Amino acid sequence: MSRAPSLLRRFVQDRSGTVATLTGVALIGLVAIGGLAFDVSRALALRAELENAVDAAALAGASQLDGASGAMGRAQTAAMGSLVSNRQALGDTYESNVAVAASDITFLSSRDPDVTASTDATAKFIRINLAPRSRGLVFGALTGASGFNATARAVAGYGTAICKSPPLMICNPNEAASLTFDGDNYIGKNFVLTPPPGGNGAWGPGNFGFLSVGSGAADVKNAMGRSPPLTECFGTTVQTQTGNIASADDYFNVRFDIYKSSAGGLKSDPLYLPAMNTMVGSKTAAGNSACTPSVSVPSNSCSSSAAVSTGMGLPRDCNQSSVVGSGIWNVAQYFATNHSGINPTTYTPQVPAGATGTGWNAFGPAPVAGATSPTRYQVYKWELAMLSGAISKPAGAFSDSQTATSGSHDYAAPQCNKTGAQITPDRRTISAVIVNCNADNVHGSSTVHVIAYVDLFLIGPAVSNSIYGEVIGATTDVSAVGAETKLYSVRLYD
């Protein structure tokens, strides 16, 4: 009778198998946690796949937003898969290529805030909001959830910038009539660019300003003359530099082999080379005096075609007193002074090997209707071709014994800084940004929106803080200067 209680007591007190019991109970939680971890990892991986796919699709679409006709259609086709293939394997419905639908795509003219674009020309950004993809839950039966959705969003834009250019900004000279600017409408016309008003005065059409680079005024000043400039590229927005930069003329004019005042110590510096054609109409002698010639505002007189005994550089447009000239300049007097044996209106210049076009058009874009042919830029390139030996020197060119090394008017080639050879872009050509100073309310230091870029040929040195430049045309990746300065890019914004 005493044996039964003893067996019962032992059974009750027996602890063998406890671990197995606890382990069995714990396994339920471990499986649940493992299932949840697996679900989360799959969800995160799916989201990453979709984000990568949408980013790639947006970049592909943005690459087509060049403003030309059909840009939005091309961008939509590219974003929907013609340029990218993005495999998605972790959604419940396997997609060999993540399908972007037309309904997922919106084109924007600006962002922050987003403004929907209505034309190819204004479409600057593509926004993709991908329709959700579902993901089933391994642990869903225990939680009561069957799955959840994952999606992705991206915004990409097509951008342009100019590089290897001085930090120069021009207020749209035609802003009163149009907030757009096309340099090709001004080919052959001379611009007279003046500094903005002092203090906090409003900048207006025809003013030029310096862009903020480096650590301030000292870096801006050096960037105006250095080649290549120590500046970043200038894209869709730029920051202006306050005030008129002291001695900017001195640094800018090293392009003409002029090394005055604060730039005087640069005449042996290969980073501050002049152009290879520096005729400015200033009579000088060899030696140090060649580094500091006296220069004056380019002439705007067309009353005489007789040679100028003291020499003549390329002039402004006839009677030009405003920002934009007529494009008509005294080509007869310039040739009578510097190339007296040649009539520019009847002469057909030799074309350098490999050049495209015929006659004067082989040396640069043809002028707009009503402007003088040849343009000053075409004449300059023709002179440069003779100085470099690319074409032979015809009788009468560089008249009065004027040659690459000497002349009674001025030197046709640099006499001061001879430390290097021709560089690109040509030192008398620049690309500059165009902005709407009134619309952007530019006062001193301002962030402004770039509306265009323009290629300019510097007809003469800067004088009293004014710059004189003939328009070569709109800056493109194949234009005279833009081939070296224009950069296209696409980037993600969101």
Of all residues in the range 154-205, which are surrounded by fewer than 19 Cβ atoms within 10 Å (Cβ to Cβ), among the hydroxyl-bearing types (Ser, Thr, Tyr) and either touching a residue at least 12 places away in the same chain (Cβ under 8 Å) or not assigned by TED's automatic domain parsing to the domain that holds residue 239 (or both)? 180, 194
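Taking the condition at pLDDT below 90 and closer than 23 Å to residue 482 by Cα, does residue 222 pass?
On the way: at pLDDT below 90: yes; closer than 23 Å to residue 482 by Cα: yes.
When the stated conditions are applied, residue 222 passes them.
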I need the full set of residues from the range 162-184 which are closer than 18 Å to residue 238 by Cα and either of a type in the set (Gly, Ala, Ser) or part of a strand (DSSP E or B) (or both), in order please. 162, 165, 168, 169, 170, 171
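From 434, 451, which residue is part of a strand (DSSP E or B), in contact with a Ser or Thr (Cβ under 9 Å, 6 or more places away or on another chain) and at pLDDT 90 or above?
Numbers: 434 fails: in contact with a Ser or Thr (Cβ under 9 Å, 6 or more places away or on another chain).
Exactly one residue qualifies, and that residue is 451.
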Among 325, 354, 313, 364, which is in contact with an Asp or Glu (Cβ under 6 Å, 6 or more places away or on another chain) and under 24 Å from residue 427 (Cβ atoms)? 325
Those residues of the range 99-124 which are surrounded by fewer than 20 Cβ atoms within 10 Å (Cβ to Cβ) and either out of contact with any strand residue (DSSP E or B) (no Cβ under 8 Å at 6 or more places or on another chain) or among the aromatic types (Phe, Trp, Tyr) (or both) amount to 99, 101, 102, 103, 112, 113, 119, 120, 121
In this structure, does residue 123 turn out to be at pLDDT 85 or above and either more than 14 Å from residue 158 (Cβ to Cβ) or out of contact with any Ser or Thr (no Cβ under 7 Å at 6 or more places or on another chain) (or both)? no
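If you go through the range 204-219, how many residues are closer than 27 Å to residue 175 by Cα, in contact with a Ser or Thr (Cβ under 8 Å, 6 or more places away or on another chain) and either at pLDDT 85 or above or not hydrophobic (A, V, I, L, M, F, W, C) (or both)?
Initially, the range 204-219 is screened for residues closer than 27 Å to residue 175 by Cα, giving 204-213.
Remaining after also requiring in contact with a Ser or Thr (Cβ under 8 Å, 6 or more places away or on another chain): 206-213.
Narrowing the set further to residues that are either at pLDDT 85 or above or not hydrophobic (A, V, I, L, M, F, W, C) (or both) leaves 206-212.
Final tally of qualifying residues: 7.
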Residue pairs within 7 Å by beta carbon, gap of at least six or interchain, first lying in the range 297-315 and in the same structural domain as residue 192 (by TED's automatic domain parsing), second basic (Lys, Arg) and surrounded by 18 or more Cβ atoms within 10 Å (Cβ to Cβ), listed first then second, are 298/316; 299/316; 300/316; 314/376
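The values are calculated or read from the model by the stated rules, or taken from the named source; none is laboratory data. The structure displayed is predicted, hence computed values, not measured ones. Note that each Cβ is placed from the backbone with ideal geometry, even for glycine, and that neighbours are counted across all protein chains shown.
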